[in-house]
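As structure tokens, the structure follows; a few thoughts come after it.
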Amino acid sequence: MTPQAQLLKKRHRISAAFKLFCLSVTCLAVSILGILILEVTLLGLPWLNADFLTSFPSRFPEKAGILAGLAGTLWLVTLTAAIAIPIGVLAAVYLEEYAKPGRVATLITINIANLAGVPSIVYGILGLAIFVRFLGLERSVLAGAMTMSLLILPVIIIASREAIKAVPSSLRQVAFALGATRWQVTRDHVLPQAMPGILTGVILALSRAIGETAPLIMIGALTYIAFVPEGPMDEFTALPIQIYNWTSRPQEAFHELASAGIIVLLLVLLIMNATAVWIRYRGSKNKFK
Amino acid sequence: MEQVLRWLFFACAAISVLTTLAVVGVLSIETFNFFQQVPAADFLFGTRWTPLLEPKSYGILPLLFGTTLIVIGAAIVALPVGLACAIYLSEYAGARTRDVVKPILEILAGIPTIVYGFFAITFVTPILRTLIPSTEVFNAASAGIVVGIMVLPMVASLCDDALRAVPNALRDGAYSLGATSFEVTARIVVPASLSGIFAAFVLAISRAIGETMAVTLAAGATPNLTLNPLESIQTMTAYIVQVSLGDTPAGTLSYQTLFAVGAVLFSMTLILNLIANAIMNRYRDVYE
Amino acid sequence: MTQPSEVLLQANAVSIAYGDQLAVNAVTLPIYQQRITSIIGPSGCGKSTLLRSFNRMNDFIDQVTLTGKVTFNDQNVYASDADPVAVRLNIGMVFQKPNPFPKTIYDNVAWAPKINGRRDNMDDRVEQALRQAALWDEVKDRLQESALNLSGGQQQRLCIARALAMNPLVLLMDEPCSALDPVSTARIEDLLFELKETLTIVIVTHNMQQAARVSDFTAFMENGVLIEYGPTETLFTNPENKRTEEYVTGRFG
């Protein structure tokens, strides 16, 4: 065999080895999801029953349940949606439909991009200083929802802007030509067209709010709560907080409870994301082309 | 009417700017108060962090070391694995494989951090302690690995974007010269997308610095000036959580440490994010 | 076109399909050694696809299937034990748009020899390739500058130099002048005559004047079918097929 042919053989071997390496690493990364789900299911499934869903936390693992966390999370996500969706979507409307390109618009855009990268715990510090202490909202669901709203606003604004941008400008021009005002054009034509995209973004943002733990701990949601909040000023706990609490205890039984809690949390997220996929699918079917 | 709405919408957009101002304001004021009592040099260069115990000491270096250990661990896991995944997706995988792998990575990216913290405690730590019995119950390695897993999908997806931005004409040119796929990838495509890959790495490090729940659960609460990943440590984020869990009255020095540490954390992530954005804007211009 | 010549490369009943769309239909075409063969035809006629099959560049496009044989030195380059990398070392290629690597001028030319372990006398190799591509005088003082700083015509000659650095036997050119101005085009055409001394060249072009000027043989393709092939002069002055006549006289295309 000539040296040239030998070298070529070696180069082919290196190339094949590299491809195999990338493939195995990818398989490994993908299998993490499987391991995670398997572990959580094996540990938590036996605990997952009606009692678990309808009981309050307890010092005794057999009696403990997720009701307070589940109710708190529902309260939290509802209030967060009520605050963050209008502000986020209208901010996107301003930036896409109203703002003149210029320094102010650029400043806001850069600012939003940077906010999206701020660690969630920093939002927790902000919530603690402003909402809990300064505004005196104490450890209420409202304080939590306001903190979460600030956290997910960048996500909602960025996604809504993308959706609004995707609406063809010919549609706006037709409406303007008929004598509509900017708001009429936005309300009657642009927003309905952009709605599937906006909703997808909103759901993804709310999923994030459901899973976030650190900001809630910062505003003091980690307390023993054995009731369901009845108003926005009540104290609360949330699913991830309850999971954190159980995970941080040394006893194995509490870890199993945490697994059961994680299953509930992941199911809630799964339902939300399935909804987002469904909306995207439906939106792509009847869209102005 | 139009004018009123315009101002209303502007106010909504302005909230984002107000948020930034509020973050900077809150952190600055309390940090300023903190520096009234603790000299900045003691804070930045001190080697003991015991603000909640006597004798009190406010040197942030142990927390910085803790965060650094986590970042190193996360980087060792996420950067090579993320890049290799991206290379596989962009250079080798067919459309069908991409359609399977990409959604799985998206799901991994969407799993709440608390779940990863649970995973660290109940899965990674026991394995580490079996492999290396001297490993402490709470240790930096386990948390670092799990933070690496958390940021892995982001690294893979951003690197994939960067690799796919390289025009196919370059790959054709290299293949036509008799190169193997490894040579095309490693010597043409990766170097051509280096700035995008670098930006992804910087963002990943920024995320690892700000990660809270996994490190709070798995890495411990011992401010420890060590580079041994098998020991218990405390990160900046974990310290912030620790203070907020306790009953620390507003206005006290311990309460202010929370903001001083938060200010350091915020500045570090902000600088890294700005760097990453600057790099990305530059590489997007190259091939357009 | 005076000395007889051997067939170096040949397509034998080659058909190429993208999915179930036939792009090249049973084409048989000989390529003579040290001659320039041009392939002409309207856009979408399959001429580029055929060209890329000579050095297996279609391997990188999803769902491409090829039947028939491409022989190089009487070896089927699509045989199951044929190595596409080895094939491409002998058959170089220049593309429609200049595609220099984002590296220095020197490294562009030195890249192929380097990965093939031919690191000796690299400076000489680079100089020789750049001289062959008639680029040396323009770049000899700026070899360490980025190749992306060169003009379009210079970039294309750099790509030719890059391909020549491995001393291939065949050079495939896929509309190499379509992105260039007339002056750059003329330089590359001059270059082709010089390269013919040592190289076999296949050039795909939609510019009939170019085919008439530079090539010894011309093949005319339409809808994936080879309509007519012959010495360039015959094909342009006295074509056998009516479609060929209509095309070369500019009645369509």
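The values are calculated or read from the model by the stated rules, or taken from the named source; none is laboratory data. Values in this document were obtained by computation on a predicted structure and should not be read as measured data. Here the Cβ positions follow ideal geometry from the backbone for every residue, glycine too, while neighbour counts run over all protein chains shown. We work out accessible area using only protein heavy atoms, side chains counted, and drop any ligands, DNA or RNA first. Shrake-Rupley method; radii C 1.70, N 1.55, O 1.52, S 1.80 Å.
Of note:
- Every residue from the stretch A:98-114 that is under 21 Å from the mean Cα position of the chain (by Cα) and open to solvent by 30 Å² or more (accessible area, probe 1.4 Å): A:T109, A:A113
- Residue list for the stretch C:91-114, restricted to those being at the interface with another protein chain (Cβ under 8 Å from one of its Cβ atoms), assigned to a helix (DSSP H, G or I) and open to solvent by 10 Å² or more (accessible area, probe 1.4 Å): C:W111
- Candidates A:G201, A:G197 - the one that is under 14 Å from the mean Cα position of the chain (by Cα), part of a helix (DSSP H, G or I) and at pLDDT 90 or above: A:G201
- Candidate set from the stretch B:58-89 (those that are within 23 Å of B:T212 (Cα to Cα) and of a type in the set (S, T, Y)); member that is surrounded by the fewest Cβ atoms within 10 Å (Cβ to Cβ): B:T68
- The lone exception for B:I188 - which of (1) without any contact (Cβ under 8 Å) to a residue 40 or more places away in the chain; (2) surrounded by fewer than 18 Cβ atoms within 10 Å (Cβ to Cβ) it fails: (2)
- Test: C:V64 is hydrophobic (A, V, I, L, M, F, W, C), out of contact with any Phe, Trp or Tyr (no Cβ under 8 Å at 6 or more places or on another chain) and either open to solvent by 60 Å² or more (accessible area, probe 1.4 Å) or more than 19 Å from C:L169 (Cα to Cα) (or both): no
- The condition of being surrounded by fewer than 21 Cβ atoms within 10 Å (Cβ to Cβ), under 26 Å from A:A71 (Cα atoms) and among the small types (G, A, S) holds for only one of A:G136, A:G211, A:G117, A:G179, that being A:G136.
- Residue tally, condition under 26 Å from C:Q21 (Cα atoms) and hydroxyl-bearing (S, T, Y), over the stretch C:194-253: 5
- Helices (runs of 4 or more DSSP H) enclosed by the stretch A:1-93 - at least 3 residues per element that are hydroxyl-bearing (S, T, Y) and within 11 Å of chain B (Cβ to nearest Cβ): A:3-44
- Pairs meeting the criteria (first residue in the stretch B:26-52 and under 28 Å from A:V132 (Cβ atoms), second residue outside any helix (DSSP H, G or I) and open to solvent by less than 20 Å² (accessible area, probe 1.4 Å), beta carbons under 7 Å, at least 6 apart or on different chains) are B:F43/B:G59; B:F43/B:I60; B:W49/B:G59; B:W49/B:I60.
- B:S16, sole failed condition from (1) within 9 Å of another protein chain (Cβ to nearest Cβ); (2) modelled with pLDDT of 95 or more: (2)
- Scope the stretch A:214-235; condition open to solvent by 10 Å² or more (accessible area, probe 1.4 Å), away from every other protein chain (no Cβ under 14 Å) and farther than 13 Å from A:M146 by Cα; matching residues: A:A226, A:F227, A:V228, A:E230, A:G231, A:D234, A:E235
- Within the stretch A:94-126, the set of residues being over 25 Å from B:S267 (Cα atoms), assigned to a helix (DSSP H, G or I) and more than 9 Å from every other protein chain (Cβ to nearest Cβ) comprises just one member, A:E96.
- Helices (runs of 4 or more DSSP H) wholly inside the stretch B:81-187 containing at least 3 residues that are within 12 Å of chain A (Cβ to nearest Cβ) and charged (D, E, K, R): B:95-110
- Checklist (1) assigned to a helix (DSSP H, G or I); (2) among the aliphatic types (A, V, I, L, M); (3) within 14 Å of chain A (Cβ to nearest Cβ) applied to C:L148, failing item: (3)
- Considering residues of the stretch A:25-53 that are among the hydroxyl-bearing types (S, T, Y) and farther than 20 Å from A:T247 by Cβ only, the residue most open to solvent (accessible area, probe 1.4 Å): A:S31
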